[in-house]
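Visitor: Below is a structure I'd like to ask you about.
The values are calculated or read from the model by the stated rules, or taken from the named source; none is laboratory data. It should be emphasised that the depicted structure is a prediction, and the values quoted were computed from it without experimental measurement. Reconstructed Cβ throughout: ideal geometry from the backbone, glycine too, with neighbour counts over all protein chains shown. Please note that ligands, DNA and RNA were not included when accessible areas were found on the heavy atoms of the full protein model with its side chains. Shrake-Rupley method; radii C 1.70, N 1.55, O 1.52, S 1.80 Å.
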Amino acid sequence: MLSQYIISQVVNGLCQGFIYALIALGFAVIVGIVGLATFTHGEIIMIGAYASYYIFLACGHNLILGLLASFSASWIVGIIIYKLCYERFLEAPEHISLICTIGFSMLLKNLAQIVFGAEKKPMLNVIENQIYKFGPVEISKVQFVIMGTVIVLSTTMMIIFNKTKWGIALRSVSQNREAAALVGINVKQTSMIGNCIGCAMAGVAGMLIGIYYQSISPTMGATLSMKAFSAATLGGLTSVPLSSLGGVVLGLIENLGISISTASFRDVFSFGFLIIMLIFKPTGFVKRKGARP
Amino acid sequence: MKKNFVKKVTAVLLAGTMVASLVACGSTSESGNSATETTAVVDGTSKGTIKLGLVAPLTGVHAEYGQGFQAATKIAADEINAAGGANGYQLEIEVKDSAADPKTSADIVTQFCEDKDIKAIIGDFTSSACMADAPIVDQYQTVLLSPTASNPDYAPMSEYCFSVMYNQSNMAPWVGKSVIGKYMGVKSVAVMYLNTDWGISTNEYLLKGLEEAGVEVLADETYEENETDFSSVIAKLKASNAEAVCILDQGNVPTIINQIKSSGWNPLLVTQGPGASQQLLNLCGENAEDLIITDSSYITEDNPATKDFYQKFYAINQCAPTDHSLCAYNTVQMLAKAIVSIGDGEVTRESIKDALKTTSYDGMAGTVQFDENGGGVRQFLILGVEDGKYVVKEDYGFE
Amino acid sequence: MMDKLKGFYVKNKIPVWVVLMVLLVTMPLYVSAGNMRIVCRIMLYIILAGGLNVISGYCGQLCFGIAGFYCVGSYVQAILMKTYNVSYWLALLPSGIVAALIGAVVALPALRMKGIFLGMITIGFSELMRLIALNWTPVTGGAMGFKGIMAPTFFGIKMGGASKYYYIFLFVVIAYMFCTNRVIKSRVGRAWMSIREDELAARSLGVDAKKYKILNFMYGSFWAGIAGAIFVAYSTYVDSTYFTLDEGFNVLGMLIIGGQGTLVGPIVGSFVAQVLTESLRFINVWRYVVYAALIILMMWVRPQGLIGASGSILAGSKAGKKKTKKAEKIVKSEGKEA
């Protein structure tokens, strides 16, 4: 029975970890390509969740539509954020754009409360309750779909970044802005696209979170910005694969930590992880030099 | 050069806004800047108006409940005024937003107390805010009647502190002994509770009741208020093999129920705290079937007792009312009843306080009165959920 | 406009100060008790924003976690007063000192970091402090908090209530302004500002950046701790919900609006923020939207704040970041030639 318990905690941790991975992935893309950090990632997750909520309300529980809705809604918000918080401050000291994103996060959160209403909204049974058993391991259909979506999205990102022209342009901007400009890449536009991709990832994560926890609220994004950052520190904030790994690790650490103590210590574990990572390996496990700080 | 000019102009404009706000703030002083509630019925026999203050979180993380207070108190005051007022006095409610920040709440309560026209204050939502307000109302000798403060330390802080929401020392042991032990008849239970003053004290009293009934507590887990993923806690409870799960929480209960069901586990579920509201049924859907819930009433459209309130509330806030709003509704009714019982005497802050102590109100949710500390004592039903509706399983007074 | 004000002040220093002092000391006489609470809140935030200003404004260390030090100061004061029956006045300094020590602890890992990393570690510690306060029930009361912390008596006068407690706030604000003014003008202050502008250059000139950064954190957190300590007896009740990250961002917002890197900045920021909150009540839920928009506007138009240190890096100096533009120019010109 004990092993069953541990296995289920591991599965829970993995599923949560996959969600964190998607969020951290988006975060790493933004920090890497734009070169500036964001405090408003949690609110974009919330926007994605609400976008999919309204689509489900209008068109039934169609996952593909939900994905498209959350993707596009957060892409658009990404454009707004870029214009408002980043474009003007690309050359300025980084604290200015950071504070701009803090202001934007406050704006979005309160606007959402006004427009959507402050109460929790249900996202019931978008995916039916079904449990699959693989030997001693039990995974629910929801968890399956979430992990599957995250894997598909991350792999797509990997392919885009490594094989397509656009992706290589994005990576080169991430590595060295001046050099990228010198070889003729439109740095400004590329940065914006990078930002939008990162936001879109967060938006899809929002939809998945809504489906998993079966409810959404305007303040749901609050702690998720921190989790994104914590997870991304594993990859020095900029490495996409390592940040995703960081997300999975964070999810596992939190859940296993809770299983040996109490759930009210969840934040202790995630902040503990963050502090330890920042103290011992602030640049993450990234080996290459010249990565953005 | 032009940029510098633009910057200077903007700086001057901002400074100007600052000064203008200062002037605006100063000139409108205490009773301005806020929404005044209720349309007073113009009636020749009206004795005048009694003003009440409402301090609640209209913004911030508890905005849902604060806005609920606002709507519910308005409904109550409108009903009372339309029926001729409380002993002939029209009720007027002034609302200010505390954002559930105890400091802001204390400042607003001070402002209310300074306004001689305000005879009693309703609010705040969180126990933290109420406890920060307590020394102030004690100093100014004004009643502070909270719909929902449930920290057992709050009401004893001052004879002017009252709270409608049940004192855990009454309700929780009853839930343990009579609901779980006797009515449900289970031998073992796993408990999960919210890590706040409400949750901790409720859990303490619940365990006492369970012990008395001889029910074994196989797990007793706590978690933070802003928790969203309960899978780890649920896994722990599942591993304990208890027959039933008791959830002590308010806003998270629907999420917890959903996550328990989607983990493939089907224990008997009993909950105390969220209140039997339509919102819970909406958020849980069929996951709420066979749930046992204790409350002083259930607030849905099909309950003839609460239907009217439900519809009026929905018309204002576009969402279903919760138990918290019902408690807010009750506060106005109880104050009105207290005013009525003063009779021909003068309605002052002191006389309201004295009258409130002995007020007992019989409304759509059983009888409400106060114990010697000012903590609310309510009656409770045992409710079940069948076919997506609430069903009364046991009436008030089940032992 | 700034220069004119400055000029006036310099010429008429003594009368300005006398008038100011008289106005401040007699304030409870002409301001109502309800508004005195707002004044006390402004004073509290002046001290908090002031502490943050020293860390972030004068030394350029991004700090989002000021609530953590505020929390430590409050709880130490509460514990000393209620559990150990120490008198209010004796407990003040230890509270500040413990907060300063925590500040040193936070500064240590932060030495190697800049920008968002530094900000994040301050967030981590701030939350850790709050979680300890929430969960360490035997010492901090856990979720139940601390109640019944009484205001002190000063030569027989009980200082409870906003009108009287105001004087304690006033005293601490004046003490803060006086001390900070001296510190800023000394070697320490100059070292801090040089670290803010260009740490590498400062180091090459022999400034021991590590030592000064730690000192900086300690100084800022000391005042945040003192603010917390005097706050508990004013409120008589405290629990961990007072010290969330939102509170830290709240203080930062005031500093951004009022101005970083100057002594007057926190005063202006606290004042404007509270006045805005009170006067914008009529638009209810839109209040915070306006506040947020104001922060963004500030960053666009005047990043150093209303009365901030213009001409410092806080104002967004563009030196040394023009390489990308140069590269773009080269590409364009080469394209034309070809």
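Visitor: Along the three principal axes, how long is region C:1-131 when you take its alpha carbons, biggest first, rounded to the nearest angstrom?
Guide: Ordered largest first, region C:1-131 gives principal extents of 46, 42, 25 Å.
Visitor: Under a point spin-label approximation (7 Å from Cα along Cα-to-Cβ), what is the C:LEU24-C:THR137 distance to one decimal in nm?
Guide: Here the answer is 4.5 nm between the modelled labels.
Visitor: Give, in nm to one decimal, the length gained when the segment between A:ASN129 and A:PHE144 is fully stretched (0.36 nm per residue of separation minus the Cα-Cα distance).
Guide: 4.3 nm
Visitor: Using all C-alpha to C-alpha distances in chain B, build P(r) with 20 Å bins and read off the rounded percent in each one.
Guide: In whole percents, the pair-distance histogram is 27, 52, 18, 3, 0.
Visitor: When all protein chains stay in place, what accessible area (Å², nearest 10, 1.4 Å probe) is found for B:ASP78?
Guide: Only protein atoms counted, so the area is about 50 Å².
Visitor: Set Lys and Arg Cβ to +1 and Asp and Glu Cβ to -1, take the dipole of the protein assembly as shown about its Cα centre, and tell me which of A:ALA51, A:LEU98, A:THR223 lies farthest positive.
Guide: Projecting each Cα onto the dipole axis, the largest value belongs to A:LEU98.
Visitor: How big is the shadow of the Cα convex hull of region B:167-225, averaged over all directions, in nm²?
Guide: With the hull built on Cα positions only, its mean projection is 3.5 nm².
Visitor: Of C:PHE154, C:ASN135, C:GLY189, which is farthest on the positive side of the dipole of region C:114-194, counting Cα position, with +1 on Lys and Arg Cβ, -1 on Asp and Glu Cβ, and the Cα centre as origin?
Guide: C:GLY189
Visitor: In whole angstrom, how far apart do the alpha carbon centroids of region B:136-173 and region A:157-209 sit?
Guide: 56
Visitor: Of B:LYS47/B:LYS119; C:LYS82/C:LYS164; A:LYS133/B:LYS177; B:LYS182/B:LYS307; A:LYS133/A:LYS227, which sit over 27 Å apart, Cα to Cα?
Guide: Exceeds cut-off: A:LYS133/B:LYS177; B:LYS182/B:LYS307; A:LYS133/A:LYS227.
Visitor: In addition: Simple spin-label model, 7 Å along Cα-to-Cβ: C:LYS114 to B:ASN226 in nm?
Guide: 3.0
Visitor: Can I ask one more? Can you spot the aspartates and glutamates whose alpha carbon is less than 15 Å from A:LYS141's alpha carbon? Ignore those fewer than 8 places along the same chain.
Guide: Candidates past the 8-residue exclusion: A:GLU128.
Visitor: Going by accessible area, probe 1.4 Å, with all protein chains left in place, what is the ranking of C:GLU197, B:GLU227, B:GLU79, B:GLU211, largest first?
Guide: Listed by decreasing accessible area, they come as B:GLU211, C:GLU197, B:GLU79, B:GLU227.
Visitor: Using Cα-Cα distances under 8 Å and only pairs 6 or more residues apart, what relative contact order does chain C have, in percent? Kindly include the intermediate steps, with their values, before the conclusion.
Guide: Numbers: 484 pairs, mean separation 93.9, N = 338.
With pairs under 8 Å counted, the relative contact order is 28 percent.
Visitor: Something else about it: Rounded to the nearest 20 Debye, what is the dipole magnitude of chain A about its Cα centre when Lys and Arg each give +1 and Asp and Glu each give -1 at the C-beta?
Guide: Around 600 debye, computed over chain A.
Visitor: Please list C:MET36, C:MET21, C:MET177 from largest to smallest accessible area, probe radius 1.4 Å, with all protein chains kept in place.
Guide: Numbers: C:MET36 0, C:MET21 65, C:MET177 45 Å².
So the residues, ranked largest to smallest area, are C:MET21, C:MET177, C:MET36.
Visitor: Calculate how steeply helix B:63-82 sits against the longest principal axis of the alpha-carbon atoms of chain B, using the helix alpha-carbon long axis, and give the answer as 0 to 90 degrees to the nearest 10.
Guide: 70
Visitor: Run lengths n ≥ 4 of DSSP H only: what is the helix-derived mean residue ellipticity at 222 nm for chain B, with -39500 (n - 2.57) per run over all residues, to the nearest 500?
Guide: -13000 deg cm²/dmol
Visitor: In deg cm²/dmol and to the nearest 500, what is the mean residue ellipticity at 222 nm of chain C if only DSSP H runs of at least 4 residues count, each as -39500 (n - 2.57), divided by the residue total? Intermediate results must be reported in sequence, preceding the final value.
Guide: Details: 16 runs with 239 residues, N = 338.
Value at 222 nm, helices only, nearest 500: -23000 deg cm²/dmol.
Visitor: Please work out the Cα center distance from region B:177-234 to region B:271-339, rounded to the nearest Å.
Guide: 23
Visitor: Now a separate question. Sort out for me the Cα centre separation of region B:378-399 from region B:87-124, rounded to whole Å.
Guide: 35
Visitor: While we're on this one: Set the Förster radius R0 to 41 Å, insert the Cβ-Cβ distance between B:ASP117 and C:LEU200 as r into 1/(1 + (r/R0)^6), and round the FRET efficiency to 0.05.
Guide: After rounding to 0.05, the efficiency reads 0.05.
Visitor: Report, to the nearest 10°, how far helix A:41-59 tilts away from the longest principal axis of the Cα atoms in chain A, using its own Cα long axis and a range of 0 to 90°.
Guide: Result, in degrees: 60.
Visitor: Eigenvalues of the Cα gyration tensor times 5, then square-rooted: what semi-axes does that give for region B:202-303, in whole angstrom, largest first?
Guide: 21, 17, 13
Visitor: Calculate, axis by axis, the spread of Cα positions in region C:103-238 along the three principal axes, and write the results as whole Å, longest axis first.
Guide: Result, largest extent first: 55, 36, 18 Å.
Visitor: So which cysteines in chain A don't have a second cysteine's C-beta under 4.7 Å from them?
Guide: Flagged as lacking a Cys partner: A:CYS15, A:CYS59, A:CYS196, A:CYS199.
Visitor: Run through all the Cα pairs of region A:57-178 and give the fraction in each 5 Å bin from 0, expressed as whole percent.
Guide: 2, 8, 9, 14, 16, 16, 14, 11, 7, 3, 1, 0
Visitor: For the B and A pair, go ahead and give the buried accessible area with a 1.4 Å probe, both sides summed, in Å² to 100.
Guide: So the total buried area for this chain pair works out to about 2700 Å².
Visitor: Please report Rg over Rh for region C:35-337, where both radii come from the alpha carbon positions and Rh follows the Kirkwood definition.
Guide: 1.03
Visitor: Next question, about the same structure. For chain C, find the longest principal axis of its Cα atoms and tell me its angle to the long axis of helix C:88-110, 0 to 90°, nearest 10.
Guide: Result, in degrees: 30.
Visitor: Would you compute, from DSSP H runs of 4+ residues alone, the mean residue ellipticity of chain A at 222 nm, taking -39500 (n - 2.57) per run and dividing by the full residue count, rounded to the nearest 500?
Guide: -24000 deg cm²/dmol
Visitor: Another question, if that's okay. Please report the Cα spread of region C:117-177 along all three principal axes, rounded to whole Å, starting with the longest.
Guide: Ordered largest first, region C:117-177 gives principal extents of 44, 33, 16 Å.
Visitor: How big is the convex hull of the Cα atoms of the protein assembly as shown, per residue, in Å³?
Guide: Convex hull of Cα atoms, per residue: 180 Å³.
Visitor: For every other residue with a beta carbon closer than 14 angstrom to the beta carbon of C:ASN250, add +1 if it is Lys or Arg and -1 if Asp or Glu, then tell me the sum.
Guide: In short, +1.
Visitor: Net charge near B:MET364: determine it from the other residues with C-beta under 11 Å of the C-beta of B:MET364, scoring Lys and Arg +1 and Asp and Glu -1.
Guide: On the way: positive: B:LYS307; negative: B:ASP308, B:ASP362.
So the environment of B:MET364 carries a net charge of -1.
Visitor: List the longest stretch of chain C that has no exposed loop site; here a site is one of the chymotrypsin sites (Phe, Trp or Tyr not before Pro) assigned by DSSP to anything other than H, G, I, E or B, with at most 13 other Cβ within 10 Å. Each step should come with its number before you reach the end.
Guide: Working: sites that count: C:TYR84, C:TRP136, C:PHE155.
Free of exposed loop sites, the longest segment is C:156-338.
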